[in-house]
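The values are calculated or read from the model by the stated rules, or taken from the named source; none is laboratory data. Note that the structure is a prediction, hence the values are computed from the model and not measured. Reconstructed Cβ throughout: ideal geometry from the backbone, glycine too, with neighbour counts over all protein chains shown. Areas reflect the complete protein model, heavy atoms only, side chains present, ligands, DNA and RNA absent. Shrake-Rupley method; radii C 1.70, N 1.55, O 1.52, S 1.80 Å.
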Amino acid sequence: MKVHELAKELDITSKALLVITAKLGIDAKSHASSIVVDDVAKIKKHIDSIAVNKVQAAQAPEEPKLNENIDAVSLAEFEKEEAKNKKQVEEVVADLNIIEIEDKELTVKEFAEATKLPLTQVITALLKKGLMLNLNQNIEMSLAEEIAQQFNIVLDIKSLKKTDQQKRVEDVFLAEIEEEERFLKERPPVVTVMGHVDHGKTKLLDAIRKTNVVDSEAGGITQHIGAYQVHVNNRDITFIDTPGHEAFTEIRARGANITDIVILVVAADDGIMPQTVEAISHAKAAKVPIIVAINKIDKPDANIEKVKQQLTEYDLVPEEWGGKTVVMPISAKVGTGVSELLEMILLIADTEELKANPHKKAVGIILESHLSKNKGPIATILIKSGTLRVGHPFVIGPVHGKIRAITDDKGNLRKEASPAMPVEIMGLSSVPKAGDVLQVVGSEKEARQIAEERKHELMEMQHSKKRALSLEEISLKISEGELQTLNLVVKSDVIGSLEAILGSIKKIKVESTAINIIHSGTGVITESDLMLAKASSAIILGFNVALPIEIKNKGEEDGVVIKLYNIIYKLLDDLDATLKGLLKPEFERVHIGTADVRQMFKFSKVGVIAGCYITEGKMVKGSDIEIYRGTNMIYEGKLTSLKRFKEDVREALTGYECGIVIDGFNEYQEEDHILVYALKQITK
Ligand code: GDP
């Protein structure tokens, strides 16, 4: 029986099974290895014994639970597995054949020498990957790592710290177990409300909160912590209470997607407006399901049908028109449709199968943070997975601490917080940034150490500020097959030119690379455009629009390419060339010298030698030249031969006479100018 088949039967991952086989001393190297019948029985017995331990562990009393999601059996099982896993990881790491290696490209031969693997085996391994390489061809580091792994060798790439190396191995093992299906529990959906200003986002969030306060016993007015939970049909829904897509994308730009569902609010009396379009782009780029709430239907000039019609222009075709978009008419003011909206959220959440492991060490995303006069640094955090408890040591970027207090959105002090719960935490060493990730770690000491390392890294990064990629570098990535989709944000001065540009872009077809316009609009390039581009690794193309200096600087810092044009075909040409991987680094011309033609000498062998006088700079053999007659350029070529008297020379200086031969050109006239220049690659 193969490892992967048995893993499937046992409902665990192949990797987890390999950990078990290693532990039991059964020889199995990969998911395709075979296991004999006796060993299969041994493995099954071992797994059963874990189950027995699980039941025994479950009888041990747990600390009071606040979260019905966490049952003791599952928690005990997870903790046992985690502890065991840790030990195994240590053993595996101790057993690993770690080979230190320079962070540079290796040839196949060098790789084999470094790893002490027989060349034939390396070449066979490469062949299995469909790569026919000879001894002197380079193999990339990632490939080298992969091949090494097949032989149980870990490459310790010199630029990585040893601890990172170990951490990587650990993370892989731990992540496997943490994400195992049997430990995942249902969690509440997290919802963000977006839309144009004044369309009723705040009103809707208030209305939703109020529906809930009525039936809550405390009845107290909730405090604002940037997010809140409501209880509907015995289930929870989390709302992010910082409306506006900047916050949404800011967090996403920093690598975290916290939202499961977006509610797009569109006022029925106003229809789709620029920020509605932006919000649609943001939600689509994040691949998050959208529920459209057509708001203000109590108003006499409300026109629901018109909004639906407009929605179709953005690929949001209402369900009742045969599309896939859920559209719900509501009035945030009167309360019409609000509870239906909540039920719809639950329905969509069900189809999304939102789950998290509540047992692992908590991971959360900072939504808001500030320095309180009385309480010190405070942050609102949304728990992504795991359970956060008072007393847990943690790191958030370069900030560390130990949880001193957890307060929920109703102002209640809590002992713990579970996935999708927004809570305010105290006990931080300083104020963290919104979008940063909180991670619970093993000890306060570890937390301090990690935070300290990160502080250093941040400082180093500030010294060597990340430089924005250029269009040429993107082009190179495409030509090397690293980039299969080019995401674009297109901004233009007026709708007419925008449509023309979008129309032409759609016509550009390049086999290997797809174009994906994630957002387009008119007006200056804004922070929102930049955030969106950053979050989706897009480039921004502007036509006849301004780029405010602060956005330019931020773009450079964030590594977002922003290109401005005022000729449409130039924009399209650049884009086309980028996609074809043809865009070469830009060169600048460096002027070297000028000479005047005084006399012509015909030779049957070399053609015409122009007798020249160098008026300024110098002449250099092999340089690029242009020939001018009056103010017209008449020829472009290369200076093939340069003579002083009869001697061939490399250079000749101002004030001297020389003989010049230019490949392919013989039709000189007296007083032609020869201009010599060089192309130097621009280092931006
Ligand atoms: P936001 O900018 O999207 O947060 O919009 P607000 O929630 O602040 O609402 C803007 C204005 O529209 C406020 O004056 C609200 O009272 C009003 N408004 C919001 N929802 C409704 C509604 O359903 N009906 C009516 N008539 N007015 C509403």
Top-ranked residue of region 259-310 - restricted to ones that are closer than 30 Å to GLY364 by Cα and open to solvent by 50 Å² or more (accessible area, probe 1.4 Å), ranked as farthest from the ligand (Cβ to nearest atom)
LYS287
Within the group GLU176, GLU180, which residue is among the acidic types (Asp, Glu), under 24 Å from PRO419 (Cβ atoms) and at pLDDT 65 or above?
GLU180
What strands (runs of 3 or more DSSP E), lying completely within region 583-684, carry at least 1 residues that are surrounded by 12 or more Cβ atoms within 10 Å (Cβ to Cβ) and β-branched (Val, Ile, Thr)?
587-603, 607-620, 624-629, 632-644, 657-662, 673-681
Being away from the ligand (no atom under 16 Å from the Cβ) and of a type outside the set (Lys, Arg) is the requirement here; does PRO318 meet it?
yes
Whether any residue in region 525-532 is of a type in the set (Gly, Ala, Ser) and either touching a Leu at 6+ places or on another chain (Cβ under 6 Å) or closer than 18 Å to LYS552 by Cβ (or both) is what I want to check.
yes
Looking at (1) touching a residue at least 12 places away in the same chain (Cβ under 8 Å); (2) under 15 Å from ASP260 (Cβ atoms), which one does LYS287 not meet, given that it meets all the others?
(1)
Considering residues of region 209-251 that are within 16 Å of the ligand (Cβ to nearest atom) and open to solvent by 70 Å² or more (accessible area, probe 1.4 Å) only, the residue modelled with the highest pLDDT
LYS210
For region 510-520, does any single residue satisfy the condition of being part of a helix (DSSP H, G or I) and touching a helix residue (DSSP H, G or I) at 6+ places or on another chain (Cβ under 6 Å)?
no
Kindly provide the set of residues from region 196-208 that are near the ligand (Cβ under 6 Å from one of its atoms) and either open to solvent by less than 10 Å² (accessible area, probe 1.4 Å) or not in a loop (DSSP other than H, G, I, E, B) (or both), ordered by number.
HIS199, LYS201, THR202, LYS203
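Looking only at region 490-502, which residues are open to solvent by less than 40 Å² (accessible area, probe 1.4 Å) and within 20 Å of LYS284 (Cβ to Cβ)?
Matches in region 490-502: VAL490, LYS491, SER492, LEU498, ILE501, LEU502.
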Pair list, Cβ under 9 Å, 6 or more apart: region 420-436 residue without any contact (Cβ under 8 Å) to a residue 60 or more places away in the chain, other residue of a type in the set (Ser, Thr, Tyr)
ILE425/THR380; ILE425/THR407; MET426/SER372; MET426/THR407; LEU428/SER369
Considering region 126-143 alone, what residues qualify as being surrounded by 17 or more Cβ atoms within 10 Å (Cβ to Cβ) and either polar (S, T, N, Q) or in contact with an Asp or Glu (Cβ under 9 Å, 6 or more places away or on another chain) (or both)?
ILE139, MET141
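Based on this model, can you work out whether ALA434 counts as modelled with pLDDT under 85, in contact with a helix residue (DSSP H, G or I) (Cβ under 9 Å, 6 or more places away or on another chain) and under 27 Å from ALA286 (Cβ atoms)? Write out each step before concluding.
On the way: modelled with pLDDT under 85: yes; in contact with a helix residue (DSSP H, G or I) (Cβ under 9 Å, 6 or more places away or on another chain): yes; under 27 Å from ALA286 (Cβ atoms): yes.
So ALA434 passes the test.
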Boolean, SER331 is within 13 Å of the ligand (Cβ to nearest atom), of a type in the set (S, T, N, Q) and more than 29 Å from the chain's Cα centre (by Cα)
yes
In region 421-437, anything out of contact with any Leu (no Cβ under 6 Å at 6 or more places or on another chain), in a strand (DSSP E or B) and at negative phi is listed as VAL423, GLU424, ILE425, MET426, LEU428, VAL437
